[in-house]
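Following: one structure in structure tokens, then a few remarks.
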Amino acid sequence: MFYPVSAFIAYRYAKSSKSSQTSFVSFINRFSVAGIALGLMALIIVVSVMNGLEGQLKQRVLGIVPHIEITKTPTTTSNEITKTPTTTSKDATLTKTPIVNKQTQKLTETPTTPGNLSETPTSTVSKPTISEDDGSKLTKTPTVSPQSQSAMTLDALSKTPIKGVVASMAYRETEAVVQSRSDLRGVQVHGVEPVVMLEHTLVANHMEQGRFNDLVEGSFSAIIGRALAIKLDARVGDRLRVMVAGASVYTPFGRMPSQRLVTIVGVFDMGSQMDDKVMYMNLKDVNRLMRDPKGDGQSLRLFLNDAFNYLAVVHHLTDTMGVSVSNIRTWRERQGPLFDAVKMEKNMMTLMLLLIIAVAAFNIVSALVMVVTEKQGDIAVLQTQGMLPGTVMWIFVLNGLFNGIKGAGIGLIFGVVITLQLNNILDLIGSPLALAADGSGLPVEMDAVQIAGIALLSLLLCVLASVYPARKAMKIAPSQALQNE
């Protein structure tokens, strides 16, 4: 009967009419419920919009930047151990290495010292002892032969299944200068395999003209972003001059960069800041442009199913496959500060709105303290009839919890409904926002787990706010409370 009695009394008081309470206590109680509802509703809307913006950045920026790039893989695949006798620091004066015949227990050649001993043909030792612990004697140490180290090739890595990696391809990136008839721009030339890009990249889904299959080997064709095409005043079919300083050669006229005329065969539009900085070409053409037809300088590009889970893949490459950390490049090296800024803004907005909910939740303290003061006589009567102090405390804790449930329920319903209809509401009030990739409106992404966590946190704040007045009610002495009754 402990919890049901507390819950029964708390529920009756929570749903009681205004006439059973003073008007001011009723106002504070309803105000706290409304504050919790408004705070939770605002938090759901803001977090959903921030999730949508983060998802748009992830789609636009990380759809162009390589998730993980492996440049070299210095790993050891086989270790051939050869045992060679070595000497420690104490026998640094030895001039020749002794050879021990284990069957005859004889030394065929004795070490000599430069100053005192002369070389003797042979000497027989009845039982020579070779200890690994004694620093003054010979020890056998395993050494790794230099010929036994071999590096796992990028081709072998590409054929090895890795959790979280959906595809891989040979890849090369270099900085270049692109010249058109009207302008000159610096870009990043990405040498790619068209078939892999067509299947596993978001750029292929945002092509305005052309497609990746048009990047035929030997044609020296290119795909550029819409923003870059506008700056260069170039269209599909125009030719651009690409100059790469990293592959320059010396001529009678001085040092000349490697250059080539390329034809625009496609234009993409991701709506990101990388649209005017990237040019796609066939990998074989980029190798020829870099004067490396064999592709010795190309790397391996990995496509992840979730770019934010890159650390698990990096740990697998370094711990399991032996790839050096210095030879792994991730998207965070280029775009990490941008996503850190978005994450920090999202966390600060969440914190501020949680403080609003906390303020509303702690209004419950004021209401319950006044209720405890007003109901001292009733609490004393219940205690004289045998109710334990712990039961009295749970009555007020559950009363605050019921108020939190009302506020959280109202805020949850209104928050979800308004979030789903947010773009329609913005159109209705005449303030539409076209921030999505397709220009449809404000990007919204609701996370059910995140929303449930926010609602539970709101309820927890309400329970914590109810602890102080509940403990105050628990400490009421019936004899003192009933003196004036």
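The values are calculated or read from the model by the stated rules, or taken from the named source; none is laboratory data. Since the model is a prediction, treat every value here as computed from it, not as a measurement. Positions of Cβ are generated from backbone atoms using ideal geometry, with glycine treated the same way; all protein chains shown enter the neighbour counts. These area figures cover heavy atoms from the full protein model, side chains too; ligands, DNA and RNA do not enter into them. Shrake-Rupley method; radii C 1.70, N 1.55, O 1.52, S 1.80 Å.
Shape class for region 228-338: oblate, because the ratio a/c of the largest to smallest gyration tensor axis (alpha-carbon atoms, square roots of eigenvalues) is 1.5 or more and b/c is at least a/b.
Taking a cut-off of 17 Å, what percent of all Cα-Cα pairs in region 177-248 are separated by more than that? Pairs farther apart than 17 Å: 47 percent.
How much of R226 can a 1.4 Å solvent probe reach, expressed as accessible area in Å² and rounded to 10? Spelled out: R226, probe radius 1.4 Å, area about 110 Å².
When you restrict to C-alpha pairs under 8 Å that are six or more residues apart and normalise by the size of region 154-275, the relative contact order lands at 27 percent.
Per residue, region 349-399 exposes an accessible area of 44 Å² to a 1.4 Å probe, with every protein chain left in place.
With a cut-off of 19 Å, note down the residues of region 260-304 whose backbone N falls inside the zone around a label point 7 Å from the Cα of V342 toward its beta carbon. What the label zone holds, given the 19 Å backbone N cut-off, is 269-278, 303-304.
So how much slack lies between M207 and D427, counting 0.36 nm per residue of separation and subtracting their Cα-Cα distance, in nm? Before the final figure, lay out the partial values.
Values: separation 220, 0.36 × 220 = 79.20 nm, distance 2.87 nm.
This chain segment gains 76.3 nm when fully extended.
Going by a ≥ b ≥ c, the root eigenvalues of the Cα gyration tensor, does region 153-308 fall in the rounded group (a/c under 1.5), the prolate group (a/b larger than b/c) or the oblate group? It comes out oblate by the Cα gyration axes. Hey, with R₀ at 30 Å, roughly what FRET efficiency would E217 and H315 work out to, going by the Cβ-Cβ distance, to 0.05? After rounding to 0.05, the efficiency reads 0.25. Each peptide in 337-346, 169-178, 468-477 gets a packing score, the mean of other Cβ atoms within 10 Å over its residues, and the list from highest to lowest is 169-178, 468-477, 337-346.
Highest mean first, the peptides 154-167, 414-427 sorted by other C-beta atoms within 10 Å per residue fall in the order 414-427, 154-167.
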